[in-house]
1. From Gln288, Gln294, grab the single residue that is open to solvent by 50 Å² or more (accessible area, probe 1.4 Å) and at pLDDT below 90.
2. Can you tell me which residues in region 146-169 are open to solvent by less than 10 Å² (accessible area, probe 1.4 Å) and among the aromatic types (Phe, Trp, Tyr)?
3. If Ala37 satisfies every condition in (1) assigned to a loop (DSSP other than H, G, I, E, B); (2) touching a residue at least 40 places away in the same chain (Cβ under 8 Å); (3) aliphatic (A, V, I, L, M) but one, which is the exception?
4. I'd like the residue in region 148-203 that is in a loop (DSSP other than H, G, I, E, B) and of a type in the set (Val, Ile, Thr) and, out of all such residues, is farthest from Val104 (Cα to Cα).
5. So the check is Cβ under 7 Å with 6+ separation or different chains; which pairs have a first residue in region 62-85 that's part of a strand (DSSP E or B) and a second one that's aromatic (Phe, Trp, Tyr) and open to solvent by 60 Å² or more (accessible area, probe 1.4 Å)?
6. Return yes or no: is Arg107 over 16 Å from Trp200 (Cα atoms), modelled with pLDDT of 95 or more and open to solvent by 50 Å² or more (accessible area, probe 1.4 Å)?
7. Note down all Cβ pairs under 7 Å where the first residue falls in region 156-181 and is over 18 Å from Glu87 (Cβ atoms), the second is surrounded by fewer than 18 Cβ atoms within 10 Å (Cβ to Cβ) and of a type in the set (Lys, Arg), and they're at least six residues apart or on different chains.
8. Can you say whether Tyr143 is closer than 25 Å to Pro18 by Cα and crowded, with 18+ Cβ neighbours inside 10 Å, as far as the supplied structure shows?
Amino acid sequence: EHPLDGGMVPPKVVRVDPFFMDEAPVTNKEFGKFVRATYYETEAEKFGWSFVLSSFLPNAENLHEAEVDPEAEDWVAVDGAYWRNPEGPGTSYKYRENHPVVHVSHRDAAEYCTWVGKRLPGEREWEAAARGGNVGPKNRTLYVWGDEQTTDAAKEYANLWGDGDFPWDNKAEDGWRATSPVKTFKPNLFGLYDMTGNVWEWQRGGKHKSRIVRGGSYVDSLDGSFNHAATLGVRATLHGTTTTGNVGFRCVKSPKRKEEYHWVYENEGSGTAELVLEDENGNRKQRQTQQNQQPRQIEIYEDDDE
């Protein structure tokens, strides 16, 4: 247990069913294919504005006139900001095609996942993947790279703010002042990239006014001296319609599970024996009158219940 971990205290052991996870967050290029194929309009486009970090405003004069988030005063509501124009009119995602898509709401993320035949991860799934197998009481670590709380250690694995003063002085020790291309930093033990830093990631579940995000982002610190401490247990909640320049997502998919059945006789010896299907647990179903049918497999799509 560690005060910075941000997870459940004391840690709780849970079971997570098998799942497939994208190795990196969804990029601008990938999201653009979805928009062009479906003519999808994000919620930031519908509302006409989105939150941009104050130090990223193209015109500093706008800072004195714009509205800010009352709970995060360094984030400014910028008219016309959305995923194609990340800092507002006159800016572009061009040359950032391989960066994580941002300015997407929980609904935007879920719609994309549905389009590609996947879904958002459950929070337990996400943490199991983020910890990369280091989940036990003896090998649980604070960060992806271990427990060393230094910028030199972090810059190999995560896009964080670094040692400069937030929000005006980012020294870019890791090479980036805002989002970075996915797969820029080293993956965790499961081969997953950006599980810490770069962008927060929307999770499945939660209530509309309190949707869960995990992973931290490029504005976070190692020790929580400003914003969040970017540990493996870090979490936050946002309104489902929130769109900002540091929140994205990745997708997961549940595997199809094959369940074996075989034919058995029911009421054998009574003179009215009939063939029925029996599963590996002895449960019987689908009474049959044809006695020469062969065993078969039934595919059941198994999803998580979080």
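The values are calculated or read from the model by the stated rules, or taken from the named source; none is laboratory data. Since we're looking at a predicted model, the values are computed, not measured. Cβ placement follows ideal geometry from the backbone for every residue including glycine, while neighbour counts extend to all protein chains displayed. The protein model used for the area step is the full one, side chains on, heavy atoms only, and it has no ligands, DNA or RNA in it. Shrake-Rupley method; radii C 1.70, N 1.55, O 1.52, S 1.80 Å.
1. On the way: Gln288 fails: open to solvent by 50 Å² or more (accessible area, probe 1.4 Å).
Unique residue meeting the criteria: Gln294.
2. Trp161
3. (1)
4. We begin by selecting, within region 148-203, every residue in a loop (DSSP other than H, G, I, E, B); these are 148-150, 155-158, 160-196, 198-199, 203.
Narrowing further to those that are of a type in the set (Val, Ile, Thr): 150, 179, 182, 184, 196, 199.
Values: Thr150: 31, Thr179: 14, Val182: 17, Thr184: 22, Thr196: 19, Val199: 11 Å.
That would be Thr150.
5. Ala77/Trp49; Val78/Trp49; Asp79/Trp49
6. Taking the combined requirement at face value, the residue does not satisfy it.
7. Glu156/Lys186; Tyr157/Lys186; Gly162/Lys171; Asp163/Lys171; Gly164/Lys171
8. On the way: closer than 25 Å to Pro18 by Cα: yes; crowded, with 18+ Cβ neighbours inside 10 Å: yes.
For Tyr143, the condition - closer than 25 Å to Pro18 by Cα and crowded, with 18+ Cβ neighbours inside 10 Å - is met.
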